[in-house]
Structure formats: structure tokens, C-alpha cells
Amino acid sequence: MITSNKPFDQLTKEIHGKSLCKGDYVLKGINAERAERFLTYYQRAFNAEIFTVIERSDRPTEFWLEISFYPIQIDDKIIGTACHSRDITERIKSEHLLRKSEVFNLGILDSLSAHIAVIKENGEIITVNESWKKYARENGDSRLKYTCESSNYFKAFDNAMKNGDAEAGKVLVQIKKVLAGQVSDFYYEYPCHYKKQQRWFSMLVRKFENDETLIVISHQDITPRKLVENQLLLNNASLQKTNHELDRFVYSVSHDLRSPLTSMLGLANLIETESNEPDTLLHIGMIRSSISRLDNFIRNILHYSRNNRTDVANEYIAVKDTVYEIIALFNGPKEYEDIAFEVSISEEIPFYSDKYRFATILENLISNAIKYHKKEKDGRFIRIKGKSHKNALELEIEDNGSGIARIYHSKIFDMFFRIGNTINGSGIGLYIVRESIEKLEGTITLTSDGKTGTKFNITLKNSQP
């Protein structure tokens, strides 16, 4: 050795236990294999070669050196070798950790069932996971030549477009929008049937920034889900057809049944007019009551059928006039004549909704209020208040009848639910009320302790243009 600097002296001291001095043999104290390798390095430098090598040492701890060799030349004559050593231990450790991280990340990707690829801006595939490779092999790319690393993912779309697949062009446009940062991600579902096998996949494209702009594309087999969805669509279509036919049948039968009932009521009215015999009038009254009960039930079936099968109309409704029209339907029977109707409606804002459904709601609520009054009670009333607003109509229908016990509040709107058997009714009226209110985007609540009457509060959406 001719000369050295302090860092080199410190390094040799760590390796050999003492620093080398001028005139010392630089290969002293190292093993024969390394000594032979360094002699080769020196010989290369003496032959005018400039080069760099990386050496690892375990004494006293693991460290790595990057050593550059230069020939020393004077007057065209090489008289020696200069060595420049640099400690690159931290760099090597970082690279090692990076490789471990890459292996770890690839291991994670390979464990996923989705087919995943990382792609450059120009469409070049950088890496793919095992699921992607397996799918490629199973679908004609046995050598992984066209769909894996170094191949161009975008070319598959170009080829598809050349073959007339317009959808491929639309998907490629969306992928490039993700690359350009115009959208954060892109999700797409598509069929990919193979031979006689039906298959569907989803595609998810997301961008991430590394040293360069990259995108991750994930294809997931969604065939089981799509098969279930398709079967549900078929079942739903069949069910809708059955329901439609059933609704038409119910409507037709109910409509046909009302005609003879109307005739029977007419005959009952005629007998009542012409007969003065008490027994006859009593029996005719019983017949009329039974016919009315059956007619009300059929009317409710018609309301139910129409509510299910017709779209919601949007028309101006004169609320107060409609209330009085419904009240007029109940004029006649003697047991109702002493009930006082109190109506207070404010219509400063025009109310728009479905008139038929609105009338059905009023008819059923007023009918119930009448039926559940105690005949022997004085001061019977049904109070109807309402006010229209820009966005809604608020209605309140209150009576001082027998009321509804709290234990029934959660059941009162169920189909065919009735409180006892002393009052004639089908148990379908309040169910139709709730269904109609839901169709009109409204709500209904009731207040009653079962002793001092019942109050219904209704809010209906005002759909004014």
C-alpha cells in the first residue's frame, strides 16, 4: 500500500483489528478466496480497466462495500491501482427490504381470487397475479404471451373494436379517463361466455401514483351472483304477471258482484216503501244491513285492487268539497243521523294529489269513525280539520267514539285485523288507508286511549306543479 485516507484506515481497523500502514500488504489477514478475487481485480486495473464491484463482509458485523478500481498512469505507464471504497450497507439493506416487500405484496396479490394487473399509461402490463395467469392459460394464452407482463393490455380493446365490438371502445375511453384523473375509478360488468359456459365478470379500474402513473385493473368472476339475479328477474316477471292477472280477476269479479247487490237494495227499498207490516220491515232492515255489509266489503276489494294496479294521478283536489261529498255518502241510516260533523279546512295553498285515493282514505276513516260510535251516547261528533301547505296537506280526523286500546295500535293497519266481532266490518279498510297513504308519499298516526275516542293525523305530499 502506498497511501490511504482516514476512512480507509478506520475500515481496515474494523476488519483486521488494526489499520494498515504504508508498505503493508493490503490483502493481509483476509481469506484465500477473497484474496484471490482481489488479485484479479488489481490485475484488471493494471490492464487499464476501470470498473466497480460490490463486496460483502461479515467482520465484525455484516456490511457492504462498493469498490471502484482505477489504473494509476504516468507517462503512458501504469504504475499502480487506486481503489475507492464506499459503504453501501444501508442501501443494500433497503434494497433487501424492498425485495421482501415486493415478494410480500405479490404474495398478497396471488392469494386473491380476482384477476389483477398493474398497467402503465401506454397499456404495457407490468405485473399480474396468479389468478390472472391462470385465467389466461384457461382461455387460450397458454404461454402467457398476449395477456401478461410486457404485453399491451390496450391492444385487446383495439382488436375487439376492429371486430365490431363498440362496447370495448367505450370501456377503453373510461379506463383512459381514470389515467387522466378525470374520474377516480371505473366499474363495469360484462358477459364473457366461453363455449357453452355462461360467465360474467366485473372490472374495477383505479389509478395510483408511483414513480410513474399506473393503474390497477381487477377482474372478478361474478357468475354465481348474475345467475341468481337473472333467476330473480325471471321469477319477478312471472310473479308480476300472476299478480296482474289476479288483480284483473278480483276487479272483474268484484265489479260483477256489485250489480246484483245494487238491484237487491233497490228491491228492499221498494218493499220498505209499500209495506207497513212491522215484521216485514224488520226483516227487510236485516237484509239491507247484510247487503250493505257485503257491498262495503266488495267496495274495499275494488279499492285495494285499484290502489295496487293503477299509477298515482296528480290532479287538483278541492279538499273541503271532497270531505262533504264523502260525508253525504253516509246520509240516510237512522243510526248515523245524530252524529254531528264538524269540518274546518283551510285551502289557501292548492292541493294536488290522486283524487281517487284521497277519497278512499277519507271514506274508510269516516266510515270507521261512524261505526265505532256508541249509539246511546249523547253529543256524538266527528271532527275533520285540515290545512294545505306548499309541500303537504295536514289532516286530522277525530271522533268521540269507543276508541282503540293501545295494545291494538300496532295491529290496527294489518289486513283483516278487527277489534272484536260486535261491529260489522271486513278488517280491510284501515289496511287500504295505509297502503293508499304510502302510495301518496304520506304518513298516518293515531292517538287513542281506548276510552275517549280516536284521532288520526294524516300528512300527504302536495304535488302541485
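Please tell me if ILE384 is modelled with pLDDT of 80 or more, part of a strand (DSSP E or B), under 24 Å from GLN464 (Cβ atoms) and not hydroxyl-bearing (Ser, Thr, Tyr).
Spelling it out, ILE384 is indeed modelled with pLDDT of 80 or more, part of a strand (DSSP E or B), under 24 Å from GLN464 (Cβ atoms) and not hydroxyl-bearing (Ser, Thr, Tyr).
Within the set of pairs 6+ apart or on separate chains, which have a first residue in the range 360-386 that is more than 16 Å from PHE297 (Cα to Cα), a second that is buried (at least 16 other Cβ atoms within 10 Å of the Cβ) and of a type in the set (Lys, Arg), and C-beta atoms under 7 Å apart?
Once the first residue is more than 16 Å from PHE297 (Cα to Cα) and sits in the range 360-386, its partners that are buried (at least 16 other Cβ atoms within 10 Å of the Cβ) and of a type in the set (Lys, Arg) give HIS373/ARG380.
Give the range 152-174 a look and list any residue that's outside any helix (DSSP H, G or I) and closer than 18 Å to GLU212 by Cα, or say none.
Scanning the range 152-174 gives a single hit, ASN152.
Out of the range 387-402, which residues are among the charged types (D, E, K, R) and either part of a loop (DSSP other than H, G, I, E, B) or surrounded by fewer than 22 Cβ atoms within 10 Å (Cβ to Cβ) (or both)?
LYS387, LYS390, GLU394, GLU396, GLU398
Which is among the small types (Gly, Ala, Ser) and within 30 Å of GLN240 (Cβ to Cβ), of SER292, SER305?
SER305
Got a sec? Which of ASP279, ASP338 is among the charged types (D, E, K, R) and part of a loop (DSSP other than H, G, I, E, B)?
Criteria check complete, one pass: ASP338.
ALA340 is checked against (1) in contact with a helix residue (DSSP H, G or I) (Cβ under 9 Å, 6 or more places away or on another chain); (2) loosely packed, with under 15 Cβ neighbours inside 10 Å and fails just one. What number does that condition carry?
(1)
I need a count of the residues in the range 269-293 that are of a type outside the set (S, T, N, Q) and touching a residue at least 60 places away in the same chain (Cβ under 8 Å).
Result for the range 269-293: 1.
Just for the range 108-147: of the residues that are part of a helix (DSSP H, G or I) and among the aromatic types (Phe, Trp, Tyr), which one is modelled with the highest pLDDT?
TRP132
Mind listing whichever residues of the range 39-82 are among the hydrophobic types (A, V, I, L, M, F, W, C) and within 21 Å of TYR25 (Cβ to Cβ)?
Selection gives LEU39, ALA45, PHE46, VAL53, LEU65, ILE67, PHE69, ILE72, ILE78, ILE79, ALA82.
Looking at ASN368, ASN331, which one is at pLDDT below 90 and exposed (fewer than 12 other Cβ atoms within 10 Å of the Cβ)?
The match here is ASN331.
Residues in the range 71-78: is at least one part of a loop (DSSP other than H, G, I, E, B) and in the same structural domain as LEU27 (by TED's automatic domain parsing)?
yes
Could you tell me which of the residues GLY420, GLY427 is within 27 Å of SER305 (Cβ to Cβ) and modelled with pLDDT under 85?
After ruling out the rest, the residue left standing is GLY427.
Does SER202 satisfy being under 30 Å from LYS120 (Cα atoms), within 35 Å of the chain's Cα centre (by Cα) and among the small types (Gly, Ala, Ser)?
yes
Okay, residues lined up against (1) outside the structural domain of GLN464 (by TED's automatic domain parsing); (2) hydrophobic (A, V, I, L, M, F, W, C); (3) out of contact with any Ser or Thr (no Cβ under 7 Å at 6 or more places or on another chain):
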residue: GLU272; (1), (2), (3): yes, no, yes
residue: SER292; (1), (2), (3): yes, no, yes
residue: ILE298; (1), (2), (3): yes, yes, no
residue: ASP354; (1), (2), (3): no, no, yes
residue: THR360; (1), (2), (3): no, no, no
residue: ASN364; (1), (2), (3): no, no, yes
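Six or more apart or on different chains, Cβ atoms under 8 Å: show the pairs whose first residue is in the range 144-168 and assigned by TED's automatic domain parsing to the domain that holds ILE215 and at positive phi and whose second is outside any helix (DSSP H, G or I) and at pLDDT 85 or above.
SER150/GLU124; SER150/ILE125
Residue under question is TYR41, and the condition is that it be surrounded by fewer than 15 Cβ atoms within 10 Å (Cβ to Cβ), closer than 19 Å to ILE72 by Cα and of a type in the set (Ser, Thr, Tyr); does it hold?
So TYR41 does not fit the description; no.
Looking for whichever is closer than 30 Å to TYR352 by Cβ and not in a helix (DSSP H, G or I) here; the options are ALA313, ALA328. Which one fits?
Residue meeting the stated conditions: ALA313.
When residues of the range 111-151 are filtered for being surrounded by 15 or more Cβ atoms within 10 Å (Cβ to Cβ) and over 27 Å from VAL173 (Cβ atoms), how many remain?
3
Just checking, does the range 232-248 include any residue being of a type in the set (D, E, K, R), touching a strand residue (DSSP E or B) at 6+ places or on another chain (Cβ under 8 Å) and touching a residue at least 60 places away in the same chain (Cβ under 8 Å)?
Within the range 232-248, not a single residue is of a type in the set (D, E, K, R), touching a strand residue (DSSP E or B) at 6+ places or on another chain (Cβ under 8 Å) and touching a residue at least 60 places away in the same chain (Cβ under 8 Å).
One line per residue, one yes/no per condition, for (1) modelled with pLDDT of 75 or more; (2) more than 45 Å from the chain's Cα centre (by Cα); (3) loosely packed, with under 10 Cβ neighbours inside 10 Å:
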| position | (1), (2), (3) |
| --- | --- |
| VAL253 | no, no, no |
| ARG258 | no, yes, no |
| ASN269 | yes, yes, no |
| GLU272 | yes, yes, no |
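The values are calculated or read from the model by the stated rules, or taken from the named source; none is laboratory data. Just so it is clear, the model here is predicted, and its values are computed rather than measured. Methodologically, a virtual Cβ is constructed for each residue, glycine included, from the backbone with ideal geometry; neighbour enumeration extends over all protein chains shown.
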